[in-house]
Amino acid sequence: MIEVERVSKQFQDLEALREVSLAVHKGSVYGLVGSNGAGKTTMLKLLAGIYKPDSGNLMIDSQPVFENEAIKTRCVFIPDILYFFLNYTIQDMADFYANIYPQWNNQRYLKLANVFNIEVKRRIRTLSKGMQRQVALWLGLALMPDVMILDEPLDGLDPVMRQKVKNLIIQDVAEREMTIIISSHNLRELEDICDYIGILHQGKMLIQKDFDDLRADVHKIQVAFSGEIPPALLEQTQTLYHEQRGSVLILIVRGAYSEIISHMQSYNPAVLDILPLTLEEIFIYEMGDNGYEIKNILY
Amino acid sequence: MFELDLRSRAPIYEQLVDKIIELIINNVLKPDEQLPSVRVLSSELTINPNTIQKAYRELEYRGYIYSLPGKGSFVKPAVSGDNTARLQSLESELARIIAEMRYLGMPPGEIVTRVNDLLSKDKGGKMND
């Protein structure tokens with residue numbers, strides 16, 4: 001269980017995080033998304049015990065993380081910019097980890113060699129970007145961590161490898177209740193594996209929710225009328241966003257599905273479609289609400 | 001055994017629920033047959049195990065499956081309980097289909113004949129969901 005309570009972090013005069021709180025339950029997959037520069041990587045580095053929080057509490061299994069060896073041996077952090085020792089081969093790196101992580105599982109390391117299929121005698125720094133990431137995940141999984149902190153883990157991997165890696169991670173979640181906190185901009189990909197989502201923007205947590213609740217809460221509605229659009233409809237509906245395309249009205253509405261349906265049907269529309277939103281759409285509309293809109297730039 | 005449409009807008013747990021109900025209604029999953037465990041299904045489909053757990057809870061709540069502690073989940077023989085909500089949504093779907101058929105020029109008599117044909121083919125509720 002990861003608990004973060006009102007954590008702030010400042011770098012000189014840049015306020016990277018302001019009073020961010022979050023909780024990740026054991027065996028859960030938490031997706032951290034946000035605009036560029038929102039503070040995702042800072043948050044993950046705080047969780048990994050690389051940064052020290054300026055204020056607030058940050059605990060894994062009720063213990064503070066910073067400089068805490070017992071907790072750190074059970075966590076794996078894969079950063080967005082990978083670091084490997086100069087001239088180290090995969091095998092050298094594995095030996096190094098086996099030496100410092102007590103729960104290193106050599107059997108697993110050998111087994112995963114078949115999945116990743118990279119010659120263990122190769123120097124890691126001579127490998128391609130995607131292959132280096134594979135090595136990081138390979139070694140990370142062989143550490144049998146209780147918590148994995150992943151910063152853009154699938155970045156640079158080919159589609160086959162992405163699927164393989166997701167599958168390996170999910171298996172560990174299902175079988176050993178591994179906890180994962182993952183940041184990504186590929187929202188489509190997060191949808192399959194995350195059960196909890198937090199959206200960061202300018203150092204603050206905008207919303208965090210169970211992913212299915214988040215989706216059950218906001219709906220995209222398309223309505224069309226054979227005549228005029230009843231003016232009362234727009235006045236009496238709380239919309240996050242609305243747009244008229246010809247005679248079709250597109251609304252983004254918060255609320256329960258059944259309520260929205262009965263409310264809309266009271267206007268007798270000719271067409272009524274309610275679509276669940278994708279994570280990408282939720283992200284865009286929530287951001288739009290906070291002044292981070294997509295404005296089409298015309299030249 | 002399942003194939004989910006990961007590109008669909010429908011939430012994954014809803015898709016799972018619908019898929020399993022379809023398999024139960026069409027008798028692919030037989031009464032008292034065991035459903036795959038959360039762990040197995042999770043790694044087969046590469047989906048968060050908590051999502052699958054949630055779908056199974058929903059199915060149990062709706063009366064399609066039952067679970068035995070320590071053994072797993074099984075198909076419940078006959079569906080009991082309150083189906084009003086589902087029937088209502090099916091009815092509105094039917095209304096939409098009929099409206100479209102009418103728009104495309106199918107006469108009402110023809111629609112009734114088609115429906116009767118389908119009803120006479122259907123034996124004992126093994127319909128396509």
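In the protein assembly as shown, the DSSP beta bridges split such that about 70 percent are antiparallel, to the nearest 5. A dipole drawn for the protein assembly as shown from +1 and -1 charges on Cβ atoms has a positive end, and of A:Pro276, A:Ser266, A:Val173 the residue lying farthest that way is A:Val173.
The mean number of Cβ atoms from other chains found within 10 Å of a Cβ in peptide A:255-262 is 1, as a whole number. Between B:Ser67, B:Ser43, B:Ser92, the residue with the greatest mean-square fluctuation in the GNM of chain B (Cα pairs under 10 Å linked by springs) is B:Ser92. Could you work out how far the C-alpha centroid of the stretch A:189-206 sits from that of the stretch A:230-299, in angstrom? Between the Cα centre of the stretch A:189-206 and that of the stretch A:230-299, the gap is 22 Å.
For the stretch A:135-197, the list of GluC sites (Glu not before Pro) that fall in a loop by DSSP and count at most 13 other C-beta atoms within 10 angstrom reads A:Glu177.
Per-residue Cβ neighbour counts within 10 Å put A:Trp138, A:Trp104 in the sequence A:Trp104, A:Trp138, beginning with the fewest. Legend: mean number of C-beta atoms from other chains within 10 angstrom of residue C-beta atoms, peptide A:162-174, equals 4. Sorting the segments B:107-117, A:252-262 by their mean number of nearby beta carbons within 10 angstrom, highest to lowest, gives A:252-262, B:107-117.
Need one number: % antiparallel among DSSP beta bridges in the stretch A:2-202, to the nearest 5. Close to 45 percent. Extent of the stretch A:157-299 along its three principal axes (Cα atoms, max minus min coordinate, largest first): 57, 41, 31 Å. Above 22 Å lies some portion of the pair distances; for the stretch A:2-202, what is it as a whole percent of all C-alpha pairs? Every Cα pair in the stretch A:2-202 considered, those over 22 Å come to 47 percent. Charge dipole of the stretch B:21-104 (Cα centre as origin; +1 on each Lys and Arg Cβ, -1 on each Asp and Glu Cβ, all else neutral): 160 debye, rounded to the nearest 20. Largest first, the three principal axis extents of the alpha carbons in the protein assembly as shown are 80, 55, 42 Å in whole numbers.
Scattering from the stretch A:1-64 was approximated by placing one identical point on each alpha carbon and applying the Debye formula without solvent; log10 I(q)/I(0) at 0.20 1/Å stands at -0.76.
For the peptide A:208-216, the mean number of other protein chain Cβ atoms found within 10 angstrom of a residue's Cβ is 3.
Rule-based calculations on the coordinates, nothing more; no lab input. Please read all numbers here as calculations on a predicted model, not as lab measurements. We place every Cβ from the backbone using ideal geometry, glycine too, and count neighbours over all the protein chains shown.
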